[in-house]
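First up is the structure itself, then whatever we jot down about it.
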Amino acid sequence: MRYEVVRKLARGGMGEVFLARQVSLGGFSKEVVLKRLHAEYAEDPELVAMFLQEARIAALLEHPNIVQIVELGRSQGRYFLVMEHVPGLSLSRTLAAAGAPLALPFAVQIAAGVAAGLQYAHDKRDSQGQLLNLVHRDVSPPNILLSTGGDIKVTDFGIAKVVGAAKTEAGVIKGKYSYISPEQARGEPADRRSDVYSLGLVLYEMTTGERAFPLGSDTEVLDAVARGRFLLPEAIVPGYPTDLRAILMRALARDPNARYAECQELQDELLELLDRRGEAASPLKLGQFVVAMAAREKELRAVPPLEESPPTVRDLPVDTDYFEEGATVDLGRVPG
């Protein structure tokens, strides 16, 4: 398959993501996303194994609320993933552009969509009918994509755990500290109820405009998460809806046994809340909101900062020996 790289979309701790066009016979062209490991990690067997695990897991998942994997390939000895392109914004960028809590119908609709995708993943079985016991373990705003058409999709199953896969080293925590569950913070086993908690944290942020666990030192954040210490939503937003609060606090119960046992239960209660309020989920309105937030983000980027911040890892120059913007490259499929 042939891809024309358009531009770089993001650079993370392990890899980079590019917008590209899939080009074929007869003038066929389709936008896709390419994801590959940084050059310095391409020779690390453990990180390559994690990358390939993400591909294997994602390939099993076909659901409207999960980003689809199109192809796993290899070029110049380095693996890459080809994923569907979701035109729009991540939830993290949407929240930054909004600069305030989201309207309740949007927040609830997004949380319900994420819950649907996670429930599908949690219930996924292998070809032998055995439950995979898949847990995402990194449910957070950057891993939730919102399209201009009103789609809600979960992405990045790179650190997901599957029964039978390589076990995480004891005491090693996976996921973004501000969005992990108390049991993850304590280095204990995490099941699907851990994803329920993380989704609760996302709902908290969407409806209060603040993180339940603000940034701080790793030790401070992990201690707060492990103890379940966060401000109640009404302390941030006076008059916080009591019906939504009840749902939120159950999802954020420190004891996993006190939470929703399934994301489906959380989704059902969220949709029932919208129904009682006469505010049905509307993909069209959500899509229009995403378009508006994308326009606002563009305006905010055009305003120069008051003070230049020191460069971070994400700002540093990147290698260009793999994909050059505007270049057309032939990428071979992985054998077997």
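When V225 is tested against (1) closer than 19 Å to L271 by Cα; (2) in contact with a Ser or Thr (Cβ under 8 Å, 6 or more places away or on another chain); (3) among the aliphatic types (A, V, I, L, M), just one condition goes unmet, and that condition is (1).
From the list R229, R254, the lone residue that is among the basic types (K, R), at pLDDT 95 or above and assigned by TED's automatic domain parsing to the domain that holds Q184 is R254. From the list V196, V202, V290, the one residue that fits, being touching a Cys at 6+ places or on another chain (Cβ under 7 Å), crowded, with 17+ Cβ neighbours inside 10 Å and in contact (Cβ under 8 Å) with a residue 60 or more places away in the chain, is V196. Can you spot a residue in segment 80-89 that is surrounded by fewer than 21 Cβ atoms within 10 Å (Cβ to Cβ), more than 22 Å from P142 (Cβ to Cβ) and not acidic (D, E)? No, segment 80-89 has no match at all.
Conditions tested, residue by residue: (1) among the small types (G, A, S); (2) touching a Phe, Trp or Tyr at 6+ places or on another chain (Cβ under 6 Å); (3) not assigned by TED's automatic domain parsing to the domain that holds P142.
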{"residue": "M206", "(1), (2), (3)": "no, no, no"}
{"residue": "G209", "(1), (2), (3)": "yes, no, no"}
{"residue": "S217", "(1), (2), (3)": "yes, no, no"}
{"residue": "E220", "(1), (2), (3)": "no, no, no"}
{"residue": "A224", "(1), (2), (3)": "yes, yes, no"}
{"residue": "P233", "(1), (2), (3)": "no, yes, no"}
{"residue": "P238", "(1), (2), (3)": "no, no, no"}
{"residue": "P241", "(1), (2), (3)": "no, no, no"}
{"residue": "L244", "(1), (2), (3)": "no, no, no"}
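Checked against the criteria, G287 counts as in contact with a Gly (Cβ under 9 Å, 6 or more places away or on another chain) and in the same structural domain as Q109 (by TED's automatic domain parsing).
Here is a list: G164, G149. Which entry is modelled with pLDDT under 90 and not basic (K, R)? Step through it out loud before you land on a result.
Working: G149 fails: modelled with pLDDT under 90.
Step by step, each of G164, G149 is checked, and only G164 is modelled with pLDDT under 90 and not basic (K, R).
Report yes if some residue within segment 274-286 is modelled with pLDDT under 95, part of a loop (DSSP other than H, G, I, E, B) and surrounded by fewer than 15 Cβ atoms within 10 Å (Cβ to Cβ); otherwise report no. Within segment 274-286 (the criterion being modelled with pLDDT under 95, part of a loop (DSSP other than H, G, I, E, B) and surrounded by fewer than 15 Cβ atoms within 10 Å (Cβ to Cβ)), the answer is yes, since at least one residue qualifies.
Elements of the type helices (runs of 4 or more DSSP H) sitting completely within segment 168-270 and holding at least 2 residues that are out of contact with any strand residue (DSSP E or B) (no Cβ under 8 Å at 6 or more places or on another chain) and among the acidic types (D, E): these cover 218-227. Restricting the search to segment 54-112, which residues are touching a helix residue (DSSP H, G or I) at 6+ places or on another chain (Cβ under 7 Å) and without any contact (Cβ under 8 Å) to a residue 40 or more places away in the chain? Residue satisfying the conditions is I69 alone. The strands (runs of 3 or more DSSP E) found wholly in segment 42-118 and carrying at least 1 residues that are of a type in the set (G, A, S) and at pLDDT below 90 occupy 69-75. Among the residues of segment 45-64, are any among the polar types (S, T, N, Q) and surrounded by 16 or more Cβ atoms within 10 Å (Cβ to Cβ)? Looking through segment 45-64, at least one residue is among the polar types (S, T, N, Q) and surrounded by 16 or more Cβ atoms within 10 Å (Cβ to Cβ).
The values are calculated or read from the model by the stated rules, or taken from the named source; none is laboratory data. Remember, predicted model here, so these are calculated numbers, not experimental data. As a convention, Cβ positions derive from the backbone with ideal geometry for all residues, glycine included, and neighbour counts pool all protein chains shown.
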